[in-house]
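Data block below; observations after.
The values are calculated or read from the model by the stated rules, or taken from the named source; none is laboratory data. These figures come from a predicted structure and were not determined experimentally. Every residue, glycine among them, receives a Cβ derived from its backbone with ideal geometry; neighbour counts consider all protein chains shown. For accessibility, only protein heavy atoms count, side chains too; no ligands or nucleic acids. Shrake-Rupley method; radii C 1.70, N 1.55, O 1.52, S 1.80 Å.
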Amino acid sequence: MSWTELSYIAPILWLVAGGVVVLLLEAFVPRRDSDHLSIVSAVFLVLAGLSANTGLVRTSQSLFHGVLRADAFGSFFALIFVIIGLLTVSLGAVYLRRQSTPMPEFYVLVLFATAGMMLLASSTDLVSVFLSLELMSIGVYVLAAIERNSSRSQEAGFKYLILGAFASAFLLYGIALIYGTTGTTQFEVLGARMGGNAALAGNLVFWAGWGLIIVGVGFKVAMVPFHQWTPDVYAGAPAPVAGYMAAGVKAAAFAVLVRLIWTGMPLLMDKAAPLLMGFAIVTMTFGNIVALAQSNLKRMLAYSAIAHAGYLLVGVLAISGHADDAATRGILFYLAAYALMNIGAFGAVTFVSRRRGERSELAGFAGLARRHPWVSFFLAVCMFSLAGVPPTAGFWGKFYVFGAVIQQGMVGLAVIALLNSAVAAYYYLRVVVYLYMREPGEDAYIGDDVQASAAIGVAAILLLWIGLFPSSVLELARLGAAALARTF
Amino acid sequence: MHPITVEYLRWIVLLPLGGAAFLGITNRRLPTVVVSLVASLTVLGSFLLSAQAFFALRALPTAGRLLTDRVYSWMPVGDLRIDVSFMVDPLTAVMILFVTGVAFLIHIYSIGYMKGDRGYQRYFAYLNLFVGMMLILVLSDNLPLLFVGWEGVGLCSYLLIGFWFEDLANSAAGKKAFLVNRIGDFGFLLGMLLIARTLAGKVGGENLFSFAVMAQHTSLLAPVATAIGLLLFMGATGKSAQIPLFVWLPDAMAGPTPVSALIHAATMVTAGVYMVARMNFLYVLTPTAMAVVAVIGALTALVAATIAVTQDDIKKVLAYSTVSQLGYMFLACGVGAFGAGIFHVMTHAFFKALLFMGAGSVIHALHHQQDMRYMGGLRSKMPVTFVTMFAAMLAISGVFPFAGFFSKDEILYNTFLDSKVLWAIGYAVAGLTAFYMTRLLALTFFGKSRVDEEHVHEVHESPLSMTIPLMVLGVLSLIGGWIGWPHFLGGSNRFETWLAPVFRHGMEGEAMAHGAENAVHASAAAHAALAHGAETAVHAGGSTELALAVASLALALLGIAVGFVVYLRRLDVAEAARRAAGGRLYWLLKGKYFVDEIYEALIVRPGYWLSDIVFFRFTDAGLIDGVLVNGTARSLGILGSVLRLLQNGMLRWYAYSFTLGVLVILFYLVRHL
């Protein structure tokens, strides 16, 4: 371990330090409210973001004996996680202000879990994958259950914990099988051994190991049939937490999935492509069809999260392993856009919620545009982006991912994905219809929090900005993808 | 020679767009004064910047007259790159000057006209957006960005035509404009895709849609030029209201009158002509498409002029007159006289804006009475409106030395060189135009007052904010054409010389078509640039041109004379004409050739039926609502019950299905070992 190596993981260190500082502040400087902690957390997130930026160089540096890797891929995700973290802290502050008991541990958990996400996106060893996955997950389990006097929040956290532990067990078992058959857990070595070893290709134990790893990651990204925690947990967890999960956990899990696929190319892809294709189709179709029937915004977003996992899996299938891979670039772009639109959409729930109980029934959003034109506009932008309508970032995300799929000759798959997007447009635009074209009912929602609307606004404006000027983010994504191919 | 980069071009677009965004976002919160100021000053700013660009351009040597402003790379898609990039060449300079100038006057006028309207701020937000979109259209240096503006003005026309949407008829007119335009846009899009297909991979990583790149690769485009030209022209027939897609424009008067002025003069309808002129390098490759453009233009001019003769609604007359004048412009483009077409676009902008705003002034004074049968004798009560509209009438009729004379004369002369039949049509339309415009004026301002008793005493001249724009445009209607004072009258036609670098392809093409004599003229004008070449050519065509000019002036004066005599002294003649041929002809014209009814029967009704029965009742209501949505949500049909079974909130079920997934994976792996 050297100082240089530590400087490469500076963003993670800043977040851990931030977590510790907030924890100590909370313990030794007790105050009734916790607003000051949100500012401290934000400062550390910004520091992490600034130090991540220096990592966006054209280099790929193996760290700590191959456990982590510092490259533009990891830095891209680090930036996404910082933005997710900042928006979550901001919305979380709004949420916490409404609670009767102070819960400053919210910030600590967000900081630690974000550190876990960054570690996960930089991990190049199955053991560090597992450890960082747990670092992230345990934080999120507790965050989901943070509302102590809400049984729904408790239930959400509990379910997520049990099923998460279940999935982790599969993941760990898979790692053990891989280690048993190849004698390594490092991506680099693993890739090399898979490349030149014909015996492995016929080894059931080896493939079972991969299968179980896919199960573990598939659980985190909400792939059908490992998705079932999603609606319950998203609906039960407080809205800022749900947004954080939808945006961050998904991005981190896809980061590690993409790294794994690159490592195992082309053997892994040959073997798993039809399987993944089946999962991708089922996942997006299931997510979209069930989302059609939802009358609660958070549940709808949960099923939409499942559907988006399907689209992203389609993108994963199109990874070619060539230099300048269009699919990887598209996935990175997509995840950046996806993070923003989910935080924005869940942020709207935070905005209208009250001290007692969260408010996310679609009917309550009817006519919201009359009272809150700005928030309605921002939420509408998020919905358009989720539906993939230009000029929003969501359009380009879909465009780049599906474009890469077509480039790979999988036209049929692209058509299925596009048909799914068309179905999805129905339930996203229904929200817009509620906002702008329905008369507000008796119990129409009202919000009053400036900070919440500002956070949603930041997300929406970024979405529009990226939609109008996609090239800058695309360039970052291209660098990230190039880092995997080691062609700069 | 490298184009010169000037960064203020983007502000020409951004100012009105920014105004629109600001007004749109703060809707109903700002005081009227602020709204008026923001809206008109942003457009004024655009106008001043346009003027700056114009002068900067003029200071350059003729061959290098090009200013560019590349804002950013908009769509990097594989090898294709599409930029948000603006340019000003002589053609664009003309367009932006009169678009912003006329639009500014319309803004000023609207301050008076829309006073007290509930949607005052919304109106100005749309108006600014409209201008901004039109400026994107004319400033773009590539086809996709032009298309953004193209769609943008389509959207704005929809919003503004249906501005008073509480009245169903208005929103129906807005929808009609939008849908008819969509048909044209479809053609435009196909044309653009055909260009992409033709050029993709052959022009390297360049921005293949940029006009400069396309113009350099005409040899690649030549084999499909006819198809591209016709498809793009299909878009133009929508936007510029030509046969067969002209039906939306007359209905577009449902919007506030200044909007009609904006649509008919400065924005929207001129887009089609501009696009054809901008793509001149493509059109000259294809005599077929050119012929189609010319014939459609001539026919539209004739059909619309005959309809205009019979209409009683003052705005309807003007609307059909616009359609007819647009026909002239396409006729000019079709015979290769792109410069003459653009010249008419500009002069037409002056007098048509004036006519609409004058009509608006009358309508305003008469409490929204638009029927000319209930007007009359307004001359003394509204002197400014009367005098300015009279000037506009002389201009549109082509009376020397009003603006319309010069542009129309140039079009007719160029048509004469190309085809005598088309010229004859154009000539006849000139007479009809003079006649129906005189009719309009006679019925509105002369004779006895037919205004109903209640309002007759309240009739008064409009406020200054409305009359000043009228006066400015009145002056422009008089002198606006002098810039193109032709050679045969001792001028130097500086307008044509100014545009010559843009249309050098057009001139070359024309040269090919017209044989040796003109070829010398045209290619001299093209290559040796320009003023001198054009001058040598004058003598060849001068006498013909003079004869034609005298003939059309005589016809215009005859039309005016007949108009005044019939509608002031001999109304019985009009009555007799109405009954002529058993009243059939009048019935046909008054019914506007029943084009709307034919479209209704052939397209709208079947389409409606298809939408209603197949798409709505079966697919939407039946399949989606009935089976999918209600099926899951309400009745727990098959799908719903299965889903509920799966999503029952019970952890052990989740774990079961989880395990099932694991088994599927393992099973698959075993099978495919």
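Just give me the residues in the stretch B:7-29 being open to solvent by less than 60 Å² (accessible area, probe 1.4 Å), more than 14 Å from chain A (Cβ to nearest Cβ) and either modelled with pLDDT under 85 or not in a loop (DSSP other than H, G, I, E, B) (or both), in sequence order.
Within the stretch B:7-29, B:Leu9, B:Ile12, B:Leu15, B:Pro16, B:Gly18, B:Gly19, B:Ala20 meet the criteria.
Criterion first (open to solvent by 50 Å² or more (accessible area, probe 1.4 Å), assigned to a helix (DSSP H, G or I), over 20 Å from B:Ala392 (Cα atoms) and without any contact (Cβ under 8 Å) to a residue 40 or more places away in the chain) does B:Val565 satisfy it?
Working: open to solvent by 50 Å² or more (accessible area, probe 1.4 Å): yes; assigned to a helix (DSSP H, G or I): yes; over 20 Å from B:Ala392 (Cα atoms): no; without any contact (Cβ under 8 Å) to a residue 40 or more places away in the chain: yes.
So B:Val565 does not fit the description; no.
Could you say which residue among B:Thr270, B:Thr218, B:Thr226 is open to solvent by 10 Å² or more (accessible area, probe 1.4 Å), modelled with pLDDT of 85 or more and polar (S, T, N, Q)?
Going through B:Thr270, B:Thr218, B:Thr226 in turn, the sole match is B:Thr226.
Would you please name the residue that is nearest to B:Arg29 (Cα to Cα), looking only at residues in the stretch B:119-143 that are touching an Asp or Glu at 6+ places or on another chain (Cβ under 9 Å) and open to solvent by 10 Å² or more (accessible area, probe 1.4 Å)?
Among them, the one singled out is B:Met133.
Residue-by-condition table, conditions (1) open to solvent by 20 Å² or more (accessible area, probe 1.4 Å); (2) touching a residue at least 24 places away in the same chain (Cβ under 8 Å); (3) not in a helix (DSSP H, G or I):
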position: A:Tyr338; (1), (2), (3): no, yes, no
position: A:Gly344; (1), (2), (3): no, yes, no
position: A:Gly364; (1), (2), (3): no, yes, no
position: A:Leu379; (1), (2), (3): no, yes, no
position: A:Ser385; (1), (2), (3): no, yes, no
position: A:Trp396; (1), (2), (3): no, yes, no
position: A:Val415; (1), (2), (3): yes, no, no
position: A:Ala424; (1), (2), (3): no, yes, no
position: A:Leu429; (1), (2), (3): yes, yes, no
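Evaluate the following for B:Ile307: is it in contact with a strand residue (DSSP E or B) (Cβ under 8 Å, 6 or more places away or on another chain) and either at pLDDT below 90 or not assigned by TED's automatic domain parsing to the domain that holds B:Leu499 (or both)?
When the stated conditions are applied, B:Ile307 does not pass them.
Does the stretch A:29-39 contain at least one residue that is within 28 Å of A:Ala485 (Cβ to Cβ), in contact (Cβ under 8 Å) with a residue 12 or more places away in the chain and among the polar types (S, T, N, Q)? Spell out the reasoning first.
First, pick out the residues of the stretch A:29-39 that are within 28 Å of A:Ala485 (Cβ to Cβ): none.
Among the residues of the stretch A:29-39, not one is within 28 Å of A:Ala485 (Cβ to Cβ), in contact (Cβ under 8 Å) with a residue 12 or more places away in the chain and among the polar types (S, T, N, Q), which makes the answer no.
Could you list, in sequence order, the residues of the stretch A:318-328 that are open to solvent by 10 Å² or more (accessible area, probe 1.4 Å) and either without any contact (Cβ under 8 Å) to a residue 40 or more places away in the chain or not charged (D, E, K, R) (or both)?
Residues satisfying the conditions are A:Ser320, A:Gly321, A:His322, A:Ala323, A:Ala326.
Scanning the stretch A:260-308 for residues that are of a type outside the set (A, V, I, L, M, F, W, C), at the interface with chain B (Cβ under 9 Å from one of its Cβ atoms) and surrounded by fewer than 19 Cβ atoms within 10 Å (Cβ to Cβ), which turns out farthest from A:Leu386 (Cα to Cα)?
In this case the residue turns out to be A:Pro274.
Can you tell me which of B:Leu49, B:Leu57 is in contact with a Lys or Arg (Cβ under 7 Å, 6 or more places away or on another chain) and not assigned by TED's automatic domain parsing to the domain that holds B:Phe147?
None of the other options fit; the residue is B:Leu57.
List every residue pair whose Cβ atoms sit under 7 Å apart, with the two residues 6 or more apart in sequence or on different chains, where the first one lies in the stretch B:650-673 and is within 15 Å of A:Trp210 (Cβ to Cβ) and facing chain A (nearest Cβ under 8 Å) and the second, anywhere, is of a type in the set (Gly, Ala, Ser) and open to solvent by 20 Å² or more (accessible area, probe 1.4 Å).
B:Leu673/A:Gly202
Hey, among B:Leu230, B:Leu262, B:Leu331, which residue is assigned to a helix (DSSP H, G or I), within 15 Å of B:Gly191 (Cβ to Cβ) and not β-branched (Val, Ile, Thr)?
Values: B:Leu262 fails: within 15 Å of B:Gly191 (Cβ to Cβ); B:Leu331 fails: within 15 Å of B:Gly191 (Cβ to Cβ).
When all the criteria are applied, what remains is B:Leu230.
Those residues that are within 25 Å of A:Gln294 (Cα to Cα) and free of Cβ contacts under 8 Å to residues at least 24 places away in the same chain, I need them from the stretch A:434-457; list them, please.
A:Met437, A:Glu442
Of everything in the stretch A:118-156, what is over 30 Å from A:Arg69 (Cβ atoms), part of a loop (DSSP other than H, G, I, E, B) and either of a type in the set (S, T, N, Q) or modelled with pLDDT of 95 or more (or both)? Give them in sequence order.
Passing the criteria: A:Asn149, A:Ser150.
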